[in-house]
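The values are calculated or read from the model by the stated rules, or taken from the named source; none is laboratory data. No experiment lies behind these values; they were computed from the predicted model shown. Here the Cβ is made from the backbone with ideal geometry for all residues, glycine too, and neighbour counts use every protein chain on show. All accessible areas refer to the heavy atoms of the entire protein, side chains included, with ligands and DNA or RNA removed. Shrake-Rupley method; radii C 1.70, N 1.55, O 1.52, S 1.80 Å.
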Amino acid sequence: MSRNISINQQFLTRVEGHGHIVVDVKNGILQKGELQIVEAPRFFEALLQGRSIFEAQHITSRICGICACGHSLASIQAAENAIGFLPGEQTQQLRKLLLLMENLDSHLLHIYLLVAPDLLGVDSFLGMMQDHAEAVKRALRMKKQCNTICDILVGRHVHPISCVIGGFTKLPNSRQLETIQTLLEQIKEDLPPTVELVRQFSFPDFIRETEYVALVNDAADYPLLSGDIGSSDGVRMAKEDYRSITNEFVVPHSTAKHARLSRNAYAVGALARFNLNSGKLHPAAQKAAAQIGLRAPCHNPFFNSCAQLVEVVHCTETALQIVERFLAKGIDQSEAVIVGINENRSIPVQAGSGVGAVEVPRGTLFHHYDVDAKGIIQKADCVIPTGQNLQNIEDDMQKLVPEILHKTDKEITLALEMLVRAYDPCISCSTHFLKIEFIGR
Amino acid sequence: MSRPTVAFFELASCEGCQLQVANLGEELLAILDRIDLVEFRELLTERPDGPLDIAFVEGSVVNAECEARLHAIRQRSELLIAYGSCATIGGVNAMANGRPISEIQAEVYGDQAERFAAARVRPLHQLVPVDYFIHGCPIYPDELIKVLKAALAHLPYNIPDYAVCVECLLNENVCMYEKKVTCLGPVTRAGCNAWCINNGNVCYGCRGLVSNPNRAGAEAVLSRYHLDSRLIANKMLMYNGALEPTDE
Ligand code: SF4
Ligand code: SF4
Ligand code: SF4
């Protein structure tokens, strides 16, 4: 078939940040399939240089409103590693609870308000108000409940106030823990209809094998806040070695290979985590996966939304377990910290280098700081999930477009938009984004 | 009467202020009954280009493209609301103004730096007239509702012009200075109900300076703790790096 198609979908909607899809087909042959990023630059890494390590969480949280807690946690982990501070068990459990809530909140937003409209054939969640008003209300209700829990834990979800280097500046009391428990129970009641909604979706039939990358560990828990970097092609390395995968970004632009591990591209995110660690999910989450027919390994990128759903169940159940343990054991209020920029020298500081690796909603997020003996940042590096996924998205586009060439331009555009949205790209995290666009062309 | 058309736009931002809208929960549905939300790229597909009654603009102006978009939005909007500190005072983006732009670009983009033309970071009112300001990083949801109501009724909205300390004391917090850490509450404009101090942290100054800050005094207090002067300057400049003399 010979056909010419030129799609230039400006300002991709229902994604965080600005992206353009560019597709160019001549005589039935794909010349170009690109996701261009046009985010206004914000220069976070340079802004950190010369500042106190105790300001890094506050500043890097503002890289992205959606993953504000994830950036905070990656930042704190990198900073604590760099200055040689070891957080206690209570702090680690509260941090995990916070991360579970953010991943839950973000996945709900994505499934209900960003992906569902495509699959229900309406333009946006406003269009869903006609025939699916209950679903919209449920989504907003669940989101609000997540939000209220974050308010209790850290003051607000965007941008968390009380999680800092050293722990938390404020700790929940037992009444607040009970409120969190009640809210989680309410979210749990809304899980069956949520699973049912996703079960009804029919995703495009598209398969492309790729390498999946996520944190892995030897413990029993589904790794989110600690572990090594692992891949579906059998790679395993310490998080400190993250540059050996992500450094591919800065190769000269004559070579087409960026963000590559064992193949041309790799993917991070809910589907990657599911493919690598599904056996460690909470049993209720495994049951949800069976209900919607998601099995590891899954090589259909559109199913990322299904993996998100499975994680929605996992996050709710695991968060409940953590809260119940805290309720039984109580919270040691004496662990609350007052840190500021450490004027009171409450935290010992030494020179060093530290890496934080955290599974945030869209995949593995890395922060890396070098600090001097006074705790002043000499160098900062942040590698965000969407940056790692970009090459993989483009590789998907290259395979998908020839398979759907018989469709109308409008249908092709929608399919590509859905593909990009499936990855839930968070383009506002522009720290490393712009590098990628021009490499390999 | 037809419902007023409202749209949200973002320049250089983290989109966290827009996210506060989705975080309103079911309250959002009550608001959507009263307005016609025509553009909200983060959530909607519709992208009409017609005239608007109210435009919320989040983010700072960091390059010529932002500047052109801002002028285009201003042209089609009856009322323009600077939404969040990136838009009202430059916010965290304006930390970049403390260092030469070329140096920062080289830092982040290496030898690709020249591809990313960036200018001094500016808040909206340094380029176009702004009708309402909603400060904060992120905005305080109660204030969003107040300003929206005022804008719908074409009434002025008065931003508090006293220090965060006033709200902090009403909340009966123990002052952070007594805990030997420095707090920007004394020079920062209130309106957030002392959000950060209520949660055990210090005020970082995200709502910008009160119109008559005794800055020298604040610096003296800050330096009492024998901090490196650069760290003090950093602290003051975390949100206020885009201030022009005419803004004070
Ligand atoms: S003011 Fe803060 S929360 Fe709002 S967009 Fe800017 S960085 Fe994000
Ligand atoms: S803690 Fe900060 S805002 Fe509160 S009274 Fe003290 S200086 Fe003012
Ligand atoms: S306390 Fe200070 S930093 Fe916190 S929200 Fe209020 S003005 Fe912003």
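The single condition among (1) touching a helix residue (DSSP H, G or I) at 6+ places or on another chain (Cβ under 9 Å); (2) open to solvent by 10 Å² or more (accessible area, probe 1.4 Å); (3) modelled with pLDDT of 95 or more; (4) farther than 28 Å from B:ASN193 by Cβ that A:ASN103 does not satisfy is (2). Considering B:LEU37, B:LEU29, the condition of being at the interface with chain A (Cβ under 8 Å from one of its Cβ atoms), open to solvent by 10 Å² or more (accessible area, probe 1.4 Å), within 16 Å of B:LEU144 (Cβ to Cβ) and part of a strand (DSSP E or B) is satisfied by B:LEU37 alone.
Can you tell which of A:SER162, A:SER231 is in contact with a Lys or Arg (Cβ under 9 Å, 6 or more places away or on another chain), hydroxyl-bearing (Ser, Thr, Tyr) and open to solvent by less than 40 Å² (accessible area, probe 1.4 Å)?
One residue alone meets the criteria, A:SER162.
Here A:ALA56 clears all of (1) within 13 Å of another protein chain (Cβ to nearest Cβ); (2) hydrophobic (A, V, I, L, M, F, W, C); (3) within 29 Å of A:PHE302 (Cα to Cα) except the condition numbered (3).
If you take the residues of region B:171-200 that are out of contact with any Lys or Arg (no Cβ under 8 Å at 6 or more places or on another chain) and free of Cβ contacts under 8 Å to residues at least 12 places away in the same chain, which of them is farthest from ligand 2 (Cβ to nearest atom)? Walk me through how you get there before you give the answer.
Of the residues in region B:171-200, the ones out of contact with any Lys or Arg (no Cβ under 8 Å at 6 or more places or on another chain) are B:171-181, B:183, B:185-186, B:193-194, B:196-198.
From what is left, the residues that are free of Cβ contacts under 8 Å to residues at least 12 places away in the same chain are B:172, B:174-175, B:178-179, B:196.
Numbers: B:GLU172: 10, B:VAL174: 8, B:CYS175: 3, B:GLU178: 8, B:LYS179: 8, B:CYS196: 8 Å.
Looking at residues that are out of contact with any Lys or Arg (no Cβ under 8 Å at 6 or more places or on another chain) and free of Cβ contacts under 8 Å to residues at least 12 places away in the same chain, I get B:GLU172.
Within region A:59-86, the residues that satisfy the criterion of being crowded, with 24+ Cβ neighbours inside 10 Å, outside any helix (DSSP H, G or I) and touching a Gly at 6+ places or on another chain (Cβ under 9 Å) are A:ARG62, A:CYS64, A:GLY65, A:ILE66.
Here's the yes/no breakdown for (1) part of a helix (DSSP H, G or I); (2) among the polar types (S, T, N, Q); (3) surrounded by fewer than 15 Cβ atoms within 10 Å (Cβ to Cβ):
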{"site": "A:ASN277", "(1), (2), (3)": "yes, yes, no"}
{"site": "A:ALA284", "(1), (2), (3)": "yes, no, no"}
{"site": "A:ILE322", "(1), (2), (3)": "yes, no, no"}
{"site": "A:PRO348", "(1), (2), (3)": "no, no, yes"}
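The residues listed here are B:ASN214, B:ASN240; of these, the one that is modelled with pLDDT under 90 and within 16 Å of ligand 1 (Cβ to nearest atom) is B:ASN240. Here B:ILE104 meets each of (1) open to solvent by 20 Å² or more (accessible area, probe 1.4 Å); (2) β-branched (Val, Ile, Thr); (3) modelled with pLDDT under 90 with one exception, condition (1). Of the set (1) out of contact with any helix residue (DSSP H, G or I) (no Cβ under 8 Å at 6 or more places or on another chain); (2) open to solvent by 30 Å² or more (accessible area, probe 1.4 Å), all apply to A:LEU225 but (1).
Assessment of region A:333-345 against the conditions (open to solvent by less than 20 Å² (accessible area, probe 1.4 Å), among the small types (Gly, Ala, Ser) and closer than 30 Å to A:LEU390 by Cβ) yields no matching residue.
Checking the condition away from ligand 1 (no atom under 16 Å from the Cβ), more than 26 Å from A:PHE44 (Cβ to Cβ) and either more than 10 Å from chain A (Cβ to nearest Cβ) or at pLDDT below 95 (or both), which residue from B:ASN198, B:ASN193 passes?
On the way: B:ASN198 fails: either more than 10 Å from chain A (Cβ to nearest Cβ) or at pLDDT below 95 (or both).
Just one listed residue meets the conditions, B:ASN193.
Of all the listed residues (A:LYS410, A:LYS399), the sole one being more than 10 Å from every other protein chain (Cβ to nearest Cβ) and modelled with pLDDT of 85 or more is A:LYS399. Based on what the data block shows, is A:GLU89 closer than 20 Å to B:GLY16 by Cβ and either surrounded by fewer than 24 Cβ atoms within 10 Å (Cβ to Cβ) or within 11 Å of chain B (Cβ to nearest Cβ) (or both)? It is false that A:GLU89 is closer than 20 Å to B:GLY16 by Cβ and either surrounded by fewer than 24 Cβ atoms within 10 Å (Cβ to Cβ) or within 11 Å of chain B (Cβ to nearest Cβ) (or both).
Here A:ILE245 meets the list (1) at pLDDT below 95; (2) surrounded by fewer than 20 Cβ atoms within 10 Å (Cβ to Cβ) almost entirely, failing just condition (2).
None of A:ILE76, A:ILE63 is away from ligand 1 (no atom under 16 Å from the Cβ), assigned by TED's automatic domain parsing to the domain that holds A:VAL313 and touching a residue at least 12 places away in the same chain (Cβ under 8 Å) except A:ILE76.
Applying the criterion of at least 3 residues that are within 13 Å of chain B (Cβ to nearest Cβ) and closer than 25 Å to A:VAL360 by Cβ to the helices (runs of 4 or more DSSP H) found wholly in region A:97-213 leaves A:116-119, A:133-154, A:174-189. Taking region B:115-202 and the helices (runs of 4 or more DSSP H) fully enclosed by it, the elements with 3 or more residues that are within 11 Å of ligand 3 (Cβ to nearest atom) are at B:164-170, B:195-198.
When A:ALA267 is tested against (1) surrounded by 19 or more Cβ atoms within 10 Å (Cβ to Cβ); (2) at pLDDT 95 or above; (3) in contact with a strand residue (DSSP E or B) (Cβ under 8 Å, 6 or more places away or on another chain), exactly one condition is not met: (2). Is one or more of the residues making up region A:313-320 under 25 Å from B:LYS235 (Cβ atoms) and assigned by TED's automatic domain parsing to the domain that holds A:VAL268? No - not one qualifying residue is present in region A:313-320.
For region A:318-365, the set of residues classified as charged (D, E, K, R) and over 30 Å from A:ALA238 (Cβ atoms) consists of A:GLU324, A:LYS329, A:ASP332, A:GLU343, A:ARG345, listed by residue number.
Here is a yes/no grid of residues against (1) small (Gly, Ala, Ser); (2) modelled with pLDDT under 95; (3) open to solvent by less than 50 Å² (accessible area, probe 1.4 Å); (4) closer than 22 Å to A:LEU153 by Cα:
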| site | (1), (2), (3), (4) |
| --- | --- |
| B:PRO160 | no, yes, yes, no |
| B:LYS180 | no, yes, no, no |
| B:THR188 | no, yes, yes, no |
| B:VAL202 | no, no, yes, yes |
| B:VAL210 | no, yes, yes, no |
| B:HIS226 | no, yes, no, no |
| B:ARG230 | no, yes, no, no |
| B:GLU244 | no, yes, no, no |
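Looking at this structure, is B:ARG76 of a type in the set (Lys, Arg), surrounded by fewer than 16 Cβ atoms within 10 Å (Cβ to Cβ) and modelled with pLDDT of 90 or more? Working first, answer last.
Numbers: of a type in the set (Lys, Arg): yes; surrounded by fewer than 16 Cβ atoms within 10 Å (Cβ to Cβ): yes; modelled with pLDDT of 90 or more: yes.
Taking the combined requirement at face value, the residue satisfies it.
One residue stands out among those in region A:370-391 that are modelled with pLDDT of 90 or more and in contact with a Ser or Thr (Cβ under 7 Å, 6 or more places away or on another chain): the one that is nearest to A:ARG421 (Cα to Cα), which is A:ASP370.
Scan B:GLN18, B:GLN75 and give me the residue that is under 20 Å from A:CYS64 (Cβ atoms), outside the structural domain of B:CYS206 (by TED's automatic domain parsing) and in a helix (DSSP H, G or I). Talk me through it step by step, then tell me what you get.
On the way: B:GLN75 fails: under 20 Å from A:CYS64 (Cβ atoms).
Answer to the check: B:GLN18.
When we screen A:ALA82, A:ALA56, A:ALA68 for residues that are closer than 23 Å to B:LYS235 by Cα and out of contact with any helix residue (DSSP H, G or I) (no Cβ under 6 Å at 6 or more places or on another chain), the only hit is A:ALA82.
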